[in-house]
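The values are calculated or read from the model by the stated rules, or taken from the named source; none is laboratory data. In this text, all values refer to a predicted model and were calculated from it rather than measured experimentally. Reconstructed Cβ throughout: ideal geometry from the backbone, glycine too, with neighbour counts over all protein chains shown.
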Amino acid sequence: MNRRTVFWRTLSVAAALSLWWLSSGTLFNPILVPAPHKVAVHLWEMTADGEILFHAWASLRRVIVGYALGSVLGILTGVAVARIRIAEDMLEPPLQFVRNITPVAIIPLAVNAFGLEEPSKYFVIIYSTIIPVVFNTAAGVASTPQIRVRAAMCLGAGRWDIFARVVLPSAWPFILTGLRVALGFAFMGVVAAEMIAAESGVGYLIMQSRNMLLPEQMFSGLFLLGLIGLVTDRAFQFTIGRLMRRYMLQTAAFD
Amino acid sequence: MSWRVLRLEGVGKDFTRADGGVAEVLRDVTLTVERGSFFTLLGPSGCGKSTLLNIVAGFEGATTGGASLDDKPVAGPGTDRTVIFQDVSNALFPWMNARENVEFGPKMARLGAGERKERADTYLRLVGLDADAGKFPFELSGGMKQRIQIARALANDPDILLMDEPFAALDAITKKHLQVEFRKIWSETGKTIFYITHDIFEALLLSTHLAVMTAGPKAGIKEVFQLDLAEPRSPSNPDFAAMYSRVETLIDEEVQRMRAR
Ligand SMILES: Nc1ncnc2c1ncn2[C@@H]1O[C@H](COP(=O)(O)OP(=O)(O)OP(=O)(O)O)[C@@H](O)[C@H]1O
Ligand SMILES: [Mg+2]
């Protein structure tokens, strides 16, 4: 980043904080919408006594499990839909229907079906993850240029080699886009689920602070959400940049 | 492996169109391509040249008749016939560098790393790109990419190269260089070439045999020539010029016929 960029970006953050600071106590009740420095102090206390880490890890652990399962299931289903006629006929109708049902709306059902413990959270995250992954994977697999497959056939590739060495690599940019979107969805899903039924996690932290009238804690939770989202997305990008760079060469931009 | 002729016998091809109708593309195409020859197909746009090449490649089945190497019918794609596509950006594997692209065929043949490298070296050198082995397709010009595609095909040691307007998308100067180079590669490797072009000049420069197709639908073979032109071939040679106008007249006739319909 050059000096010009640093200047404007610092100014942007400063402006946002000032606006917040000014509006608390004028526009809003300072008890309900506390000023930033109060939140900062509270955040520091919660970090020092380990509470932040406890809730952050609770949410993160759920996302890791649910997202991993959802991604694998999503890729397999997407490949099946794109490559196997019966799978397409069997899975398209339910998928096309279910994709319209937002993950948040599925939470009460998840609780009814899987209880108040971890399984219902996993279900919500898997559900949030699987939809974008399936559709992107299917689109990627279907978009493999025909002549690329034909070229591989001429060069002696059998069915498996064509799939593993031609179709899948051609689809990676699509699949990765789906996985990145799904990562955001997974966090939305887990937070919503924790707000409705949980004893831990960032969503629980926020909901509890509202019920117990602890606005500093609520803001700390929101800050934490922003931070976790930012860090995981950057980590995702970094990992892709390292491991999958060669597959991204076929697309103009990925960022 | 020791076939002598590629035969197309009574090849007809119909497609079912998207609207449910039938497109009658090819009718009774019969051709003989001798091993080692450079056989070029010319004809009006849309007459069915690519369709015919796809049948030889084994990508599509003929509706009637078929292609065979001596008496062995073509039943599907095989490593004895490799296609060189015009759309090289999609034909190459964008996530593999030049060397990895060239090694793909040998890898599919389960050759060891040593032999794969040796083959890649040989054919990258043959097309003059040994210094660019580590580059990815997006880093290469259209002409360089087409050389990689040729090297990739040759590294698999096929009997026949099936080439569908391989140089048509290149600029005039690159095209001229590649034509000259490719003719050299053909004479050095002794491969059989089945070649499609719209460019009469290119056809006369490269080919040993030339077939002109009639306009579609129900396209067939109008005339076949064996080209015994004076070497080095040049448009300033009288036999070259005479052949040029003869072929041009044949194609014009077909284009007129197509317009009249
Ligand atoms: N899959 C298909 N379904 C229906 N019609 C097809 C199909 N493939 C080709 N055709 C038709 O067959 C005819 C011949 O097509 P083909 O691509 O073989 O022509 P061509 O001689 O290679 O043309 P060009 O010189 O423009 O490349 C065209 O009229 C085309 O519309
Ligand atoms: Mg064509």
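For A:Asn211, the criteria (1) polar (S, T, N, Q); (2) crowded, with 20+ Cβ neighbours inside 10 Å; (3) farther than 28 Å from B:Pro166 by Cα hold in every case but one, which is (2).
Restricting attention to the stretch B:195-254, the residues that are basic (Lys, Arg), touching a strand residue (DSSP E or B) at 6+ places or on another chain (Cβ under 9 Å) and in contact (Cβ under 8 Å) with a residue 12 or more places away in the chain add up to 2.
For the stretch B:70-104, the set of residues classified as outside any strand (DSSP E or B), under 15 Å from B:Ile160 (Cα atoms) and within 9 Å of chain A (Cβ to nearest Cβ) consists of B:Gly76, B:Pro77, B:Gly78, B:Thr79, B:Phe85, listed by residue number. In the stretch B:43-55, the residues that are near ligand 1 (Cβ under 6 Å from one of its atoms) form Cβ pairs under 9 Å with partners that are among the aromatic types (Phe, Trp, Tyr), at six or more places apart or across chains, as follows: B:Thr51/B:Phe15. In the set (1) at pLDDT 95 or above; (2) surrounded by fewer than 23 Cβ atoms within 10 Å (Cβ to Cβ); (3) under 15 Å from A:Gly156 (Cα atoms); (4) more than 9 Å from chain A (Cβ to nearest Cβ), the condition left unmet by B:Glu115 is number (3). When A:Met90, A:Met153 are checked against the criterion of being part of a helix (DSSP H, G or I), out of contact with any Phe, Trp or Tyr (no Cβ under 6 Å at 6 or more places or on another chain), surrounded by fewer than 18 Cβ atoms within 10 Å (Cβ to Cβ) and free of Cβ contacts under 8 Å to residues at least 40 places away in the same chain, A:Met90 stands alone in meeting it. Kindly indicate whether B:Arg152 is in the same structural domain as B:Leu129 (by TED's automatic domain parsing) and under 30 Å from B:Asp130 (Cα atoms). Judged against the criteria, B:Arg152 is a match.
Whether any residue in the stretch A:97-104 is away from chain B (no Cβ under 14 Å), touching a residue at least 40 places away in the same chain (Cβ under 8 Å) and among the charged types (D, E, K, R) is what I want to check. Before you say what the answer is, go through the steps one by one.
Taking the stretch A:97-104 and keeping what is away from chain B (no Cβ under 14 Å), we get A:97-104.
From what is left, the residues that are touching a residue at least 40 places away in the same chain (Cβ under 8 Å) are A:103-104.
Then keep just the ones that are among the charged types (D, E, K, R); that gives none.
No, the conditions are met nowhere in the stretch A:97-104.
Test B:Leu26 against the criterion of being closer than 19 Å to B:Ser207 by Cα, crowded, with 16+ Cβ neighbours inside 10 Å and touching a residue at least 24 places away in the same chain (Cβ under 8 Å), and give yes or no. Give the steps one after another, and end with the answer.
Numbers: closer than 19 Å to B:Ser207 by Cα: no; crowded, with 16+ Cβ neighbours inside 10 Å: yes; touching a residue at least 24 places away in the same chain (Cβ under 8 Å): yes.
So B:Leu26 does not fit the description; no.
For B:Pro238, indicate whether it is within 14 Å of chain A (Cβ to nearest Cβ) and either surrounded by fewer than 20 Cβ atoms within 10 Å (Cβ to Cβ) or within 16 Å of ligand 2 (Cβ to nearest atom) (or both).
Working: within 14 Å of chain A (Cβ to nearest Cβ): no; either surrounded by fewer than 20 Cβ atoms within 10 Å (Cβ to Cβ) or within 16 Å of ligand 2 (Cβ to nearest atom) (or both): yes.
So B:Pro238 fails the test.
Looking only at residues in the stretch B:41-68 that are of a type in the set (Ser, Thr, Tyr), modelled with pLDDT of 95 or more and within 13 Å of ligand 2 (Cβ to nearest atom), which one is nearest to B:Phe201 (Cα to Cα)? The extreme case among them is B:Ser50.
The listed residues are A:Val231, A:Val167, A:Val181, and the only one of them that is away from chain B (no Cβ under 14 Å), out of contact with any Phe, Trp or Tyr (no Cβ under 9 Å at 6 or more places or on another chain) and under 22 Å from A:Thr77 (Cα atoms) turns out to be A:Val181.
Residue-wise test of (1) outside any strand (DSSP E or B); (2) within 12 Å of ligand 1 (Cβ to nearest atom); (3) small (Gly, Ala, Ser).
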| site | (1), (2), (3) |
| --- | --- |
| B:Asp19 | yes, yes, no |
| B:Val25 | no, yes, no |
| B:Phe39 | no, no, no |
| B:Phe59 | yes, yes, no |
| B:Gly66 | no, no, yes |
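Here is a check on your reading of the model: is B:Lys175 charged (D, E, K, R) and crowded, with 16+ Cβ neighbours inside 10 Å? So B:Lys175 fits the description; yes.
Can we say B:Ser2 is in a loop (DSSP other than H, G, I, E, B), of a type in the set (S, T, N, Q), more than 9 Å from ligand 1 (Cβ to nearest atom) and at pLDDT below 95? Here the answer is yes, as B:Ser2 does meet what is asked. Pairs are defined by a Cβ separation below 8 Å, a sequence spacing of at least 6 or placement on different chains, a first member in the stretch A:13-38 that is in the same structural domain as A:Gln217 (by TED's automatic domain parsing) and farther than 17 Å from A:Leu213 by Cβ, and a second member that is exposed (fewer than 11 other Cβ atoms within 10 Å of the Cβ) and of a type outside the set (Lys, Arg); no pair meets this definition. For the stretch B:56-69, the set of residues classified as within 14 Å of chain A (Cβ to nearest Cβ) and free of Cβ contacts under 8 Å to residues at least 60 places away in the same chain consists of B:Gly58, B:Phe59, B:Glu60, listed by residue number.
Within the stretch A:186-205, track down each residue that is in a helix (DSSP H, G or I) and surrounded by fewer than 22 Cβ atoms within 10 Å (Cβ to Cβ).
Correct list: A:Met188, A:Ala192, A:Met195, A:Ile196, A:Tyr204.
Being part of a loop (DSSP other than H, G, I, E, B) and either free of Cβ contacts under 8 Å to residues at least 12 places away in the same chain or under 20 Å from B:Arg116 (Cα atoms) (or both) is the filter here, so list the residues in the stretch B:146-170 that pass it. Explain how you work it out, then say what you get.
Filtering the stretch B:146-170 for residues part of a loop (DSSP other than H, G, I, E, B) gives B:155-159, B:165-170.
Within the stretch B:146-170, B:Ala155, B:Asn156, B:Asp157, B:Pro158, B:Asp159 qualify.
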